[in-house]
Amino acid sequence: MITVTADLNIPRGCRIAQQGSGILQSQYKRSMELLEAAERVHSTNRYRQLDQEKKQMELSHKRARFELEKVASDSARDHEHEVDRNQDLLGRIKKLEEREIDAAKNLSDQVEANRSVRKNLEALNKKLEERDSRLNSANQASSSLKDEIRELKQKIQNKDSTISSQTLENQELQEQLDLQRRKYQEVSQLCQSLQAAESSCSEHIIKIKELERRLTFQEQDIAIVKTVKLEVARLPDMEKELKRLREDNAFLRESRENCSLLKEEVEGLRRKLERMEKTKEELINVELDKERLAEKLHAWENLGQSTGLNIRKPDDLSREVIQIQQREIALKEQNYTLNSRVRSVERSQAELRAEMSQQRSKTLEEQKKRETQEALVRRLQKRILLLTKERDGMRAILESYDSELAPTEYSPQLNKRLREAEDILQKTQSHNAEMEAQLSKAQEETMTIKLQLQTVELELECLKKQQTSVADSSSLATKEEVSILRQKIEDLELERQRLEKQNNILEMRLERHNLQGDYDPVKTRVLHLTMNPTAVAKQQRQQEVEALQEEEVLDLRKQMESSELRNQRLKEVFQRKIQEFRTVCYVLTGYQIDITTENQYRLASVYSEHMDDSLLFKKGPNGSMQLMETEFSKTLGEMVALHLHHQKSIPAFLSAVTLDLFSRQTTI
Amino acid sequence: MTSTLKGITLKGSAELVAEFFSFGINSILSPLTPKLKDYLTNVVSQLKDWLFECTVQKLVLVITCLETNEVLERWQFDIECDKSAKESSAPREKSIKTIHDEIRSIIRQVTATVSFLPLLETPCSFDLLVYTDKDLVVPDMWEESGPQIIDQSEEVRLRSFTTSIHKVNSMVAYKRSEAV
């Protein structure tokens, strides 16, 4: 480029130089040549420079390419990491979504709770409003009360003023009162002096009275003394009289004793007399008895003589009596037997009477029959007579006809008639014979019945006789019967008492049952209102119990739900925390720790070159950790030897592994 | 009171006896809530009809423990109806004053009796049973029931009164206290 421009400039310069001078032209040419040489040197330099630059560029290019390749590999590795992370993040997103759903559920629950709370709030608001209204009313009341208070205060002020005036008055009055009091004291002093005077006066009066009384006593005493003096004057006469009287007295006493003795004697004599009279009467009675007994004795002796029994002593009599009693007993026994016989006979008699009456009725019937039969016979005889007459009449007529008519003319007719008539006759005769036979039979029957009747009558008569003979002994039988009946009555009475007791007991029981409320379901039915208080109360109770149970169930359910929810939340929290912990561990230590099976832990380093590179540890029974062999651990022989076998430090080993892997990744 | 001062009719007697039951049950159960009072008036008005018809035999007030369903007290009023009063409407010669006096003495005895009966310590309720003739038609709202007899009871017979048409014998049975 430069060269080109130089070429262009030359012609122009040449023209100038042709116009000026040739020196200038040579100079110019020389300078131009110099310039050209300089330019050449410059360009060569420049060329070299550019060459060097080119070489440098190439070098840098190579370096850049190298670097780019390295970056590319790095980015690829990063990309893989990113993909892993992405997966993790996707997992996390899922979890988060689940959490979100749960949160939404919680939110709905919360909303519901919120609603209930709002309702409560509304109810509370209403209550608040009510309270406000009450408060307002109360405020009004208080304001009115305040007004009242003000009024009352005014009144009080008024009252105060009046009170002050009153106190003033009071003071005046008290002054007056003091004056009055002083006056009163003076007066009272005067009064006291007066009273003292009065009391002394009354004492004097009392003294006077007493003195007067004594005076009267004195007068009385004087009178008494006078009378005593008179009596004393009479005393010797009195003593004389006394002596006389004493003598009299002694005499009288003696005479009185005599008198009482005499009286006793009289009494004794009287009693004796009475006794004597009584004995006299008794004597008379005894004599009379004696006579009577003598008569009796005579009679007995006579009896003994007349009866031929040896009754001379009471023993004999008693023996006789015993014998008689024995005989009586035997007779009684006989009587009993006779009575029983009489009863049996009476019974048979009754039976026979019944039979007899039957027989009589039969005989009556038979007699009636016989009479009817006789009547029949008579009628039949009459009829027979009539028929014989008729027959005779007919024969006569026939004979007349026979005589009148020729025998040849009507003979068949006549013969026929004749035969008919004869037939009738025979029939009647046979009937007659039958009737007669019946009659004779009836007569025979009546005869037999009569015979029976007679025999029955005979029996009756003999029975009557027997009865009369037995009648004497029947009284004893009745006695026996009476005793039996009495026994029976007693038995029945006992039975009745027993039954009465039983009846009483049963009645008491019935009463008790009645008291307890028993009833006869046949006659009675028990009714009550369907909606009675007991039924209602029972129903209410039932409902309450059910409601309580329901409430309890609901409470339990709620508790269960809340506990489940808490459990769920705890689980979530734990999971979250565990995840967080694991990520923190991963980030801080550079190892992802997983539990593969029980007591086995797999550690994967952040910087591991392959996805499968991992270390496997096993927890021993005493808590110590042991490295298990893996493909990856086989490559770490040196570190295992150094840190685990020699230093016995797992953390040191892990750190060494981390450092190693890290250095491997960064230094290429 | 429709009856005159001179005597007493069937209707008057029924009203008197019903009034007695109302008073008596009130004095046994007092105090009553208005709801229970309504129930009582309802029963007594029905009872009045039956008394007028002479078809009622007993009125029983049963007090039941709600927890155990046991009958603790049983006030029984036996009613003897003179059914001939249904045919003849002529009033009986018994003054209402004497009947009132008799009723008053029974009510007094009932209230005195309540005080010596065992205390009702548990929540209780009561029911009114009416023993009627078997041929009676059961009205609406009424149903047949058992006699609700007390197991192991003590019985006390109280006074009785008569209007000369209806005779009422009162008694009370209660659960023996050691048996509770």
Need the full-extension length gain, A:Arg498 to A:Asp160, defined as separation in residues times 0.36 nm minus the C-alpha distance. One decimal, nm.
111.6 nm
I need the fraction of alpha carbon pairs in segment A:482-530 separated by more than 16 Å, rounded to a whole percent.
63
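Once the piece of chain linking A:Glu241 and A:Leu554 is laid out straight, how much longer is it, given 0.36 nm per residue of separation minus the C-alpha distance between them?
That pair, A:Glu241 and A:Leu554, stretches by 99.2 nm at full extension.
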What ranking do A:459-467, A:124-132 get when scored by the average of other Cβ atoms within 10 Å per residue, highest first?
A:459-467, A:124-132
Segment A:40-114 and segment A:138-197 have their Cα centres apart by a whole-number Å value of 111
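Could you check how many percent of all C-alpha pairs in chain A are farther apart than 40 Å?
Result for the distance tail: 86 percent.
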Leaving out same-chain residues fewer than 8 places away, which aspartates and glutamates sit with a Cα under 13 Å from that of A:Lys634?
A:Asp613
Would you work out which of A:Gly623, B:His100, B:Val62 lies farthest towards the positive end of the dipole of the protein assembly as shown, given +1 charges on the beta-carbon of Lys and Arg and -1 on that of Asp and Glu, about the Cα centre?
A:Gly623
Going down the list A:Lys619/A:Lys648; A:Lys618/A:Lys648; A:Lys501/B:Lys94; A:Lys368/A:Lys389; A:Lys368/A:Lys441, which pairs span over 26 Å between their C-alpha atoms?
A:Lys501/B:Lys94; A:Lys368/A:Lys389
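Nearest 20 debye, what's the magnitude of the dipole of the protein assembly as shown about its Cα centre given +1 on Lys and Arg Cβ and -1 on Asp and Glu Cβ?
1920
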Which shape class, rounded, prolate or oblate, goes with segment A:51-123 when its Cα gyration tensor gives a ≥ b ≥ c as root eigenvalues, a/c under 1.5 marks rounded, and past that a/b bigger than b/c marks prolate?
prolate
Please list, by residue number, every one of the GluC sites (Glu not before Pro) in segment A:320-424 that is coil in DSSP and has at most 14 other beta-carbon atoms within 10 Å.
A:Glu409
Averaged over its residues, how many other protein chain Cβ atoms are within 10 Å of peptide B:125-135's Cβ atoms?
6
Number of Lys pairs in segment A:207-295 closer than 25 Å at Cα, excluding neighbours under 8 places apart unless interchain, is 8
Gain upon complete extension [A:Lys382, A:Ala141; 0.36 nm per residue less C-alpha separation]:
72.1 nm
Just to be sure I follow the rule: in segment A:55-189, considering lysines 8 or more places apart or on different chains, how many pairs have Cα atoms under 17 Å apart?
5
Efficiency of FRET between A:Ser26 and A:Arg46 - r from beta-carbon atoms, R0 30 angstrom, step 0.05
0.60
Selected from A:Gln665, A:Met57, A:Gln326, residue furthest toward positive end of dipole (chain A; charges at beta carbon)
A:Met57
Fewest-first sequence of A:Thr372, B:Thr113 by Cβ atoms within 10 Å of each Cβ:
A:Thr372, B:Thr113
With respect to the cross-link table entries A:Lys465/A:Lys488; A:Lys523/B:Lys58; A:Lys369/A:Lys464; A:Lys382/A:Lys427; A:Lys362/A:Lys382, which display a Cα-Cα separation exceeding 23 Å?
A:Lys465/A:Lys488; A:Lys369/A:Lys464; A:Lys362/A:Lys382
Place +1 on the Cβ of every Lys and Arg and -1 on the Cβ of every Asp and Glu in segment A:534-668, take the dipole about the Cα centre, and give the residue among A:Ser608, A:Val640, A:Thr596 whose Cα lies farthest towards its positive end.
A:Val640
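Under the rule a/c < 1.5 gives rounded, and otherwise a/b versus b/c splits prolate from oblate, where does segment B:43-115 land using the Cα gyration tensor? Before the final figure, lay out the partial values.
Details: a/c = 3.50, a/b = 1.61, b/c = 2.18.
Here segment B:43-115 falls in the oblate category.
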B:Leu120 neighbourhood, Cβ < 12 Å, K/R = +1, D/E = -1, net charge -3
Once amide H atoms are built 1.01 Å from N in the peptide plane, which residues 5 or more positions from A:Gln592, or in another chain, come under 5 Å H to H?
A:Ala604, A:Ser605, A:Val606
Flagged links, alpha-carbon separation over 23 Å, of B:Lys48/B:Lys134; A:Lys538/B:Lys37; A:Lys538/B:Lys134:
A:Lys538/B:Lys134
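With +1 on the Cβ of every Lys and Arg and -1 on the Cβ of every Asp and Glu, and nothing else charged, how large is the dipole of segment B:40-152 about its Cα centre, in debye rounded to the nearest 20?
Numbers: 11 positive and 20 negative charges, 126 e Å.
Using only the charged Cβ atoms, the result is roughly 600 debye.
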Can you sort A:Leu492, B:Leu158 so the residue with the fewest Cβ neighbours within 10 Å comes first?
A:Leu492, B:Leu158
For the A:Lys538, A:Val111 Cβ pair and Förster radius 45 Å, calculated FRET efficiency rounded to 0.05 is 0.60
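Every number in this text was worked out from the coordinates using simple rules, so none of it is lab data. Computed from a predicted structure; not experimentally measured. We place every Cβ from the backbone using ideal geometry, glycine too, and count neighbours over all the protein chains shown.
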